[in-house]
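The values are calculated or read from the model by the stated rules, or taken from the named source; none is laboratory data. Note that this is a predicted model, so its numbers are computed, not measured. All Cβ positions, glycine included, derive from the backbone under ideal geometry; neighbour counts span all protein chains shown. These area figures cover heavy atoms from the full protein model, side chains too; ligands, DNA and RNA do not enter into them. Shrake-Rupley method; radii C 1.70, N 1.55, O 1.52, S 1.80 Å.
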Amino acid sequence: MKNLRFFLVFAVLFMACKAEKHTAIGVFVPGVMAGSPIYEMMAQGVQRACAEKNMPVTVVEAGYNQAEWEWTLTSMAASGTYALIVSSNPSLPAIAVSVSAKFPKQKFLLFDGELVGNPSIYTLRYDQHEQFFTAGSIAGLVTMEHGGEYKVGLLAGQEYPAMNETILPAYLEGARALAPDFSVDFRVLGNWFDAGKAAEIAADMFNRGVYVILCIAGGANEGIVQAAAEHGAKVVWSDTNGYGIRPGVVVGSSVIHQDKAAYEKTSLFLEDKLPFGMAETVGMKDGYVEFVRDDPNYINTVSETVRVKQAEILEKIMSNK
Ligand code: RBF
């Protein structure tokens, strides 16, 4: 009996010591990685930084049930294994705050969201106004050249504050900068994976006079591209360079360099220099937001007239006009 008690005390002490010893960096994917470049870039950047310092990385895919995300993140923090948990999603800061209240020693590096003042959390987001204004201008230019209604399309996985308050308005603003009577056909899929349903919605949009759709539906984007190919229509890709996905169909790529940001910020953390409590926003001038215009598939698919006009718009943004 005494031996057992001794053993239990020893086991608990051993686990407590072990819990204090961080052995890896954790990447929390709010969804699944496949088909969502924003998550793939995050993992790549973290892995590159950690490889340089021989720090192991564990990637946890939390799946599409958003109700389970906090539970999964809590169990990662509770394990005591991770010196840092890295994630990317506008909904993560609020979830991390709640986990942080229970595990104040756990540090978080969060992309694509914003929170100031929590000593355990550092956030970095991108200037989505710049990113999606340029998506709207290319969608508008390609639509005007094609002829027909002044209408652009946007198909989103779900509605969220960044979508309603920044992405959708910036996209429409980009088109209206060319012609004030542009409107947007905005549709919501209701998830980030159902490519079949996304194809059906996209087909309906094309049948109602949309010629270009901006794809922000994660793994379901492939359905939009397929529908566009079948309807002789076009898409604008976001987050990574998507011209190669379906050459001739993809007319724009409004990208963020999240792989670079994840590499740099993870490296800073490993050097003990990540300023927790702070929030940063980076854009085109900083080199983290870009409209890709040197890709051969862009040059072959989009007319020179349109490319020249898009280039003028990009120059204006870069020179603050
Ligand atoms: N974007 C993706 O590419 N894949 C996803 O699985 C995904 N899930 C999201 C879940 C939530 C709750 C929210 C708010 C956004 C999600 N996004 C996803 C969108 C992402 O944060 C970003 O806005 C877009 O990728 C545009 O840069």
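Identify, please: which residue in the range 39-64 is without any contact (Cβ under 8 Å) to a residue 40 or more places away in the chain, among the aliphatic types (A, V, I, L, M) and not in a helix (DSSP H, G or I) and is, among those, nearest to the ligand (Cβ to nearest atom)?
The selected residue is A62.
Would you please name the residue that is nearest to the chain's Cα centre (by Cα), looking only at residues in the range 251-290 that are more than 21 Å from I317 (Cβ to Cβ) and open to solvent by less than 10 Å² (accessible area, probe 1.4 Å)? Break it down stepwise before answering.
Within the range 251-290, the first condition is being more than 21 Å from I317 (Cβ to Cβ), and the residues that meet it are 259, 262-279.
After this cut, where a residue has to be open to solvent by less than 10 Å² (accessible area, probe 1.4 Å) as well, the list is 262, 266.
Working: A262: 12, T266: 17 Å.
Taking the candidates together, the pick is A262.
Please go through the range 152-173 and pick out each residue that is among the small types (G, A, S) and more than 15 Å from the ligand (Cβ to nearest atom).
Step one: list which residues in the range 152-173 are among the small types (G, A, S), which gives 153, 156-157, 162, 170.
Answer for the range 152-173, where residues must be among the small types (G, A, S) and more than 15 Å from the ligand (Cβ to nearest atom): just G153.
Quick check: anything in the range 18-29 surrounded by fewer than 13 Cβ atoms within 10 Å (Cβ to Cβ) and at pLDDT 95 or above? First the steps, then the outcome.
Residues of the range 18-29 surrounded by fewer than 13 Cβ atoms within 10 Å (Cβ to Cβ): 18, 20-21.
Okay, now just the ones that are also at pLDDT 95 or above, so none.
The answer is no; no qualifying residue exists.
Among the candidates S36, S75, S88, which residue alone is open to solvent by 20 Å² or more (accessible area, probe 1.4 Å), modelled with pLDDT of 95 or more and either within 16 Å of the ligand (Cβ to nearest atom) or not basic (K, R) (or both)?
Values: S36 fails: open to solvent by 20 Å² or more (accessible area, probe 1.4 Å); S88 fails: open to solvent by 20 Å² or more (accessible area, probe 1.4 Å).
The unique qualifying residue is S75.
Return yes or no: is I224 within 12 Å of A135 (Cα to Cα) and within 21 Å of the chain's Cα centre (by Cα)?
Judged against the criteria, I224 is not a match.
When you go through (1) part of a helix (DSSP H, G or I); (2) of a type outside the set (S, T, N, Q); (3) touching a residue at least 60 places away in the same chain (Cβ under 8 Å) one by one for F206, which number turns out not to apply?
It fails just one condition, (3).
Within the range 291-312, is there a residue that is assigned by TED's automatic domain parsing to the domain that holds V29, of a type in the set (K, R) and open to solvent by 30 Å² or more (accessible area, probe 1.4 Å)?
No, there is no match, as no residue in the range 291-312 is assigned by TED's automatic domain parsing to the domain that holds V29, of a type in the set (K, R) and open to solvent by 30 Å² or more (accessible area, probe 1.4 Å).
Here is a check on your reading of the model: is E68 surrounded by fewer than 18 Cβ atoms within 10 Å (Cβ to Cβ) and under 16 Å from the mean Cα position of the chain (by Cα)? Steps first, please.
Working: surrounded by fewer than 18 Cβ atoms within 10 Å (Cβ to Cβ): yes; under 16 Å from the mean Cα position of the chain (by Cα): no.
No, not satisfied.
Report, by residue number, each residue of the range 225-281 that is outside any strand (DSSP E or B), of a type in the set (A, V, I, L, M) and either more than 16 Å from the ligand (Cβ to nearest atom) or free of Cβ contacts under 8 Å to residues at least 60 places away in the same chain (or both).
Of everything in the range 225-281, those that are outside any strand (DSSP E or B), of a type in the set (A, V, I, L, M) and either more than 16 Å from the ligand (Cβ to nearest atom) or free of Cβ contacts under 8 Å to residues at least 60 places away in the same chain (or both) turn out to be V225, A227, A228, A229, A233, I245, V249, L268, L270, L274, M278.
Under the condition of being under 22 Å from I38 (Cβ atoms) and more than 11 Å from the ligand (Cβ to nearest atom), which residue from the range 128-151 is surrounded by the fewest Cβ atoms within 10 Å (Cβ to Cβ)? Give the derivation first.
To start, the set of residues in the range 128-151 that are under 22 Å from I38 (Cβ atoms) comprises 128-139.
Still in the running and more than 11 Å from the ligand (Cβ to nearest atom): 129-130, 133-134, 136-139.
Working: H129: 18, E130: 24, F133: 25, T134: 28, G136: 31, S137: 30, I138: 30, A139: 33.
Restricting to residues being under 22 Å from I38 (Cβ atoms) and more than 11 Å from the ligand (Cβ to nearest atom), the top hit is H129.
Does Q106 count as within 11 Å of the ligand (Cβ to nearest atom) and of a type outside the set (A, V, I, L, M)?
On the way: within 11 Å of the ligand (Cβ to nearest atom): no; of a type outside the set (A, V, I, L, M): yes.
It is false that Q106 is within 11 Å of the ligand (Cβ to nearest atom) and of a type outside the set (A, V, I, L, M).
For the range 283-300, give me each residue that is of a type in the set (V, I, T) and touching a strand residue (DSSP E or B) at 6+ places or on another chain (Cβ under 6 Å).
Going through the range 283-300, the residues of a type in the set (V, I, T) turn out to be 289, 292, 299.
Across the range 283-300, the qualifying residues are V289, V292.
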